[in-house]
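Everything on this sheet refers to the single structure shown next.
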Amino acid sequence: MDRYVVAITGASGSIYGIRLLQELPGERILVVSKTAKGIIPVETGYSLEQVYAMADRVFEDDDMSAAIASGSYGFDCMFVAPCSESSVAKFACGVADTLVSRAASVCIKEGRKLVLVVRETPKSMIMLENELKLARSGAVIMDANPGFYHGPETVGDLVDFIVGRCLDRIGAEHSLYRRWE
Ligand SMILES: Cc1cc2nc3c(=O)[nH]c(=O)nc-3n(C[C@H](O)[C@H](O)[C@H](O)COP(=O)(O)O)c2cc1C
């Protein structure tokens, strides 16, 4: 099918979602949460319009009638990058009052891939328990926590390490980081 959902939520690190949009193969569907809309231009220098233009389809986070809100609409994987702990908490409790949380809930109930690039530190026990619950439900907790063994020289190299690890989850070929040999 090669159809992917990218949700950018209001954690620091919106560049992760942007780089994913740039590197994902196939059709890219984008949802940006209300808080993320404010963070993107401050952290990355990209305007919201520029980020929207990187996707094939864009839905608003309050559009509960969007295609991805229904389990009958197929997609291969949903990436939430970055993923706030607030969104983690919603996903873990089955709260589906935004398009991002509804689409994540659909992923879990339909047994689809859900990759969460969570960014928060330190983490409370509540956050850790929420993440454990999601991991037990099949989600991948892909913390925004890059390795250093591939010889990164720039912040972009660190970002691309995580983006590459996300692409690994869907079997996409890439050269975003040097693999350990
Ligand atoms: C500049 C900024 C940075 C933030 N960074 C984080 C973060 O790194 N991790 C996190 O869990 N929440 C962070 N927050 C708080 C979330 O944005 C807040 O909990 C929000 O309700 C998340 O909603 P959303 O997941 O629907 O975007 C940040 C907020 C702002 C304004």
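Observations, loosely collected:
- Leading residue by the ranking (farthest from the ligand (Cβ to nearest atom)) among those in region 63-105 that are in a loop (DSSP other than H, G, I, E, B) and touching a residue at least 60 places away in the same chain (Cβ under 8 Å): Gly74
- Condition met for Thr44 (without any contact (Cβ under 8 Å) to a residue 60 or more places away in the chain, hydroxyl-bearing (Ser, Thr, Tyr) and within 16 Å of the ligand (Cβ to nearest atom)): yes
- Scanning region 147-171 for residues that are out of contact with any Asp or Glu (no Cβ under 8 Å at 6 or more places or on another chain), surrounded by 14 or more Cβ atoms within 10 Å (Cβ to Cβ) and assigned to a loop (DSSP other than H, G, I, E, B) gives a single hit, Pro152.
- Subset of region 37-62 [in contact with a strand residue (DSSP E or B) (Cβ under 6 Å, 6 or more places away or on another chain) and in a helix (DSSP H, G or I)]: Tyr52
- When Lys123 is tested against (1) within 16 Å of the ligand (Cβ to nearest atom); (2) within 17 Å of the chain's Cα centre (by Cα); (3) touching a residue at least 24 places away in the same chain (Cβ under 8 Å), exactly one condition is not met: (2).
- Residue within region 102-110 that is at pLDDT 95 or above and farther than 26 Å from Lys37 by Cβ present: yes
Matching residues to (1) among the polar types (S, T, N, Q); (2) over 14 Å from the mean Cα position of the chain (by Cα); (3) at positive phi:
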| site | (1), (2), (3) |
| --- | --- |
| Ser12 | yes, no, no |
| Val32 | no, no, no |
| Gly38 | no, yes, no |
| Val58 | no, yes, no |
| Asp62 | no, yes, no |
| Ser72 | yes, yes, no |
| Ala92 | no, yes, no |
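- Across region 24-34, the qualifying residues are those that are crowded, with 16+ Cβ neighbours inside 10 Å and within 16 Å of the ligand (Cβ to nearest atom), and the one among them that is nearest to Val5 (Cα to Cα) is Leu30.
The values are calculated or read from the model by the stated rules, or taken from the named source; none is laboratory data. Only a predicted model underlies this, so the values are computations on that prediction, with no experimental measurement involved. Note that each Cβ is placed from the backbone with ideal geometry, even for glycine, and that neighbours are counted across all protein chains shown.
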